[in-house]
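The values are calculated or read from the model by the stated rules, or taken from the named source; none is laboratory data. Predicted model, so just to flag it, every value in this text is computed and none were measured. When we count neighbours, we look across all protein chains shown, and the Cβ atoms used for this are built from the backbone with ideal geometry, even at glycine. Ligands, DNA and RNA are stripped out before the accessible areas are found, and what is left, the full protein with its side chains, is counted by its heavy atoms. Shrake-Rupley method; radii C 1.70, N 1.55, O 1.52, S 1.80 Å.
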Amino acid sequence: MSFGKKEYEFLKEIGIGPRNPGCYINGHWKGNGPLVSSINPANNQTIAEVLEATIQDYEDGMQPCSDTAKIWMQIPAPKRGDIVRQIGDALRAKLQQLGRLVSLEMGKILAEGIGEVQEIIDMCDFAVGLSRQLNGSIIPSERPNHMMFEMWNPLGVVGVITAFNFPCAVLGWNACIALVCGNCVVWKGAPTTPLVTIAMTKIVAGVLEKNNLPGAIFTAFCGGADIGQAIAKDARIPLVSFTGSSKVGLMVQQTVNQRFGKCLLELSGNNAIIVMDDADIELAVRSVLFAAVGTAGQRCTTCRRLLLHESVYQKVLGQLLDVYKQVKIGDPLEKGTLLGPLHTPTSKENFEKGIQAIKSQGGKILTGGSVIDSEGNFVQPTIVEISPDASIVKEELFGPVLYVMKFQTLEEAIEINNSVPQGLSSSIFTHRPEVIFRWIGPAGSDCGIVNVNIPTNGAEIGGAFGGEKATGGGREAGSDSWKQYMRRSTCTINYGSELPLAQGINFGCSSPLL
């Protein structure tokens, strides 16, 4: 185990030791499950060990969480917002250390690791303001002396199941909003990033303890599929937010639906950038580089398909090939690195299988296409010339593989953009207003995120994040996403002495029954 290394000393500052209990239950740390290792994807060496949760640990945690929900929802929303504000301040104090841990354990470069933690801080700030704006509508009543309006109340408990590629940001999208909305949170972090789960939970737990609040407001588990299945089946959890593949997300949704629960899904993406003939080529190339290579192609918003107008095809492709040659591959914690490792050896194997499938389906490798011989999970950033009709193009190959294809008309480009099962993010590069408004309109992109002259990735927290079709239809973070974390009641109050009925119905009762 590498825990004694000098470069790992910062872990002590965020509460990580050589061996760590992986469950935060009713204000206490425990873990009675398997002992697992957290692995550094840059060298496949153990960072530290974690005791995972058992199903009994889950049951021990869920009951106090469910009970505590009755207390937490009674606290005024602005007071709940102040707790989230304090969580944001605690994260600010440990921003560099937490960002470094994300980079170390997940494999994304340090700037992205710090940016991910900053995203949670931004969500805390957003949620604090939201805590004073959980407003319902006043609705004009057709009946005299009647008042009709909406009330928004907490659900109770929100389950959050997150993925390895954003091991803490997705928690922030959900938990910050869920908490100010009056819900307790149950979090199952990704099995391969348990240290991030523990470090983040210790930040939240510290704030709750400081304010003499029950620890069961926030419950966390490091564990595998059995804990995720328990959350999906648990009728005490009205809403389950799941981030992961479309295949697993569908299973989660079916399980939750069987008990008439609600599901918020953030699933696979297969995102395209369209470069029109009038595009700013330099801006487009810079955007594609970040969108396709950032996080080693392991973002759900990674650009996987590049659609180039035939008149600029060679120019864009030539510049893109040049910048790909300049990408520094290496340790994500080292200054200047742009491409870190894939997250696991299995990810590297899937990359190799994907390249073989690409070649078998007529794809031409223009650059990259190979794994890098090292102790880590490094692969080359890859550009492939391929037909949009190839079956591999319809899938989400989770790595730095960019499919390039040519088009002649805007209609053709939109058709290609919309031809895949997923519908998360999309972007077009153009300066023509008629193209922009066609693109963002009903006959344009069918995605949940529709951009112009920016990459497909790097979304701000102020907008609702999510996609359509096999991406799941969920919306998290900003805008009015908060409504998913509450239940709406339509309330009508009769403050008069008569009983007029809606739609003018006369039920034949002109006087009270004796």
Please work out which one of (1) out of contact with any helix residue (DSSP H, G or I) (no Cβ under 9 Å at 6 or more places or on another chain); (2) more than 22 Å from VAL252 (Cβ to Cβ); (3) open to solvent by 60 Å² or more (accessible area, probe 1.4 Å) is the condition CYS491 fails and give its number.
(3)
Selection from the range 291-334 of residues closer than 19 Å to ILE386 by Cα, polar (S, T, N, Q) and not in a loop (DSSP other than H, G, I, E, B) yields GLN314, GLN319
Kindly evaluate GLY473 against the criterion of being surrounded by fewer than 22 Cβ atoms within 10 Å (Cβ to Cβ) and assigned to a loop (DSSP other than H, G, I, E, B).
yes
Within the range 448-459, track down each residue that is at pLDDT 95 or above, open to solvent by 20 Å² or more (accessible area, probe 1.4 Å) and in a loop (DSSP other than H, G, I, E, B).
GLY448, ASN453, ILE454, PRO455
Within the group ILE203, ILE198, which residue is over 18 Å from the mean Cα position of the chain (by Cα), among the hydrophobic types (A, V, I, L, M, F, W, C), open to solvent by 10 Å² or more (accessible area, probe 1.4 Å) and closer than 24 Å to ILE120 by Cα?
ILE203
Got a number for residues in the range 85-127 being touching a Phe, Trp or Tyr at 6+ places or on another chain (Cβ under 9 Å) and open to solvent by 40 Å² or more (accessible area, probe 1.4 Å)?
2
Looking only at the range 341-361, decide whether some residue is among the small types (Gly, Ala, Ser) and in a loop (DSSP other than H, G, I, E, B).
no
Going by what's in this entry, would GLY61 be described as more than 18 Å from PRO167 (Cβ to Cβ) and either acidic (Asp, Glu) or in a helix (DSSP H, G or I) (or both)?
yes
Quick check on SER427: is it out of contact with any helix residue (DSSP H, G or I) (no Cβ under 7 Å at 6 or more places or on another chain) and part of a loop (DSSP other than H, G, I, E, B)?
no
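Conditions tested, residue by residue: (1) in contact with a strand residue (DSSP E or B) (Cβ under 6 Å, 6 or more places away or on another chain); (2) among the aromatic types (Phe, Trp, Tyr); (3) under 16 Å from LEU208 (Cβ atoms); (4) part of a loop (DSSP other than H, G, I, E, B).
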position	(1), (2), (3), (4)
TRP29	yes, yes, yes, no
THR46	yes, no, no, no
ASP57	yes, no, no, no
GLY81	no, no, yes, no
When PHE126 is evaluated against the numbered criteria (1) without any contact (Cβ under 8 Å) to a residue 24 or more places away in the chain; (2) more than 15 Å from the chain's Cα centre (by Cα); (3) not in a loop (DSSP other than H, G, I, E, B), which criterion, by number, is the only one it fails?
(1)
Would you say VAL420 is closer than 13 Å to ASN270 by Cβ, aliphatic (A, V, I, L, M) and either within 19 Å of the chain's Cα centre (by Cα) or open to solvent by less than 10 Å² (accessible area, probe 1.4 Å) (or both)?
yes
Selection within the range 251-262 - surrounded by fewer than 22 Cβ atoms within 10 Å (Cβ to Cβ) and touching a helix residue (DSSP H, G or I) at 6+ places or on another chain (Cβ under 6 Å)
THR255
Would you confirm whether any residue within the range 339-362 is touching a residue at least 24 places away in the same chain (Cβ under 8 Å), basic (Lys, Arg) and surrounded by fewer than 16 Cβ atoms within 10 Å (Cβ to Cβ)?
no
Just give me the residues in the range 6-54 being open to solvent by 70 Å² or more (accessible area, probe 1.4 Å) and either free of Cβ contacts under 8 Å to residues at least 12 places away in the same chain or at positive phi (or both), in sequence order.
LYS6, GLU9, LYS12, ASN26, TRP29
Taking the stated definitions as given, is SER445 in a loop (DSSP other than H, G, I, E, B), open to solvent by 50 Å² or more (accessible area, probe 1.4 Å) and either of a type outside the set (Asp, Glu) or within 21 Å of PHE351 (Cβ to Cβ) (or both)?
no
Given the structure, is LEU134 surrounded by 13 or more Cβ atoms within 10 Å (Cβ to Cβ), under 20 Å from LYS79 (Cβ atoms) and within 22 Å of the chain's Cα centre (by Cα)?
no
Could you please let me know if LEU320 is of a type in the set (A, V, I, L, M), more than 30 Å from SER481 (Cβ to Cβ) and modelled with pLDDT of 95 or more?
yes
What are the residue pairs meeting all of these: first residue in the range 413-424, first residue free of Cβ contacts under 8 Å to residues at least 24 places away in the same chain, second residue open to solvent by less than 20 Å² (accessible area, probe 1.4 Å), Cβ atoms under 9 Å, and 6 or more apart or on different chains?
GLU415/PHE407
First in the range 181-210 and in contact (Cβ under 8 Å) with a residue 60 or more places away in the chain, second anywhere and of a type in the set (Asp, Glu) and assigned to a helix (DSSP H, G or I), Cβ under 7 Å, 6 or more apart
THR193/GLU105; LEU195/GLU105; VAL196/GLU105
Do we find a residue being free of Cβ contacts under 8 Å to residues at least 60 places away in the same chain, more than 30 Å from ILE505 (Cα to Cα) and in a helix (DSSP H, G or I) anywhere in the range 97-108?
yes
If you check every pair at least six apart or on different chains, which have Cβ atoms under 9 Å apart with a residue in the range 151-162 that is under 17 Å from PRO64 (Cβ atoms) and open to solvent by less than 10 Å² (accessible area, probe 1.4 Å) first and a residue that is assigned to a strand (DSSP E or B) and among the aromatic types (Phe, Trp, Tyr) second?
GLY159/TRP187; GLY159/PHE242
Mind listing whichever residues of the range 256-282 are farther than 23 Å from GLU411 by Cα and not in a loop (DSSP other than H, G, I, E, B)?
VAL256, ASN257, GLN258, LYS262, CYS263, LEU264, LEU265, GLU266, GLU282
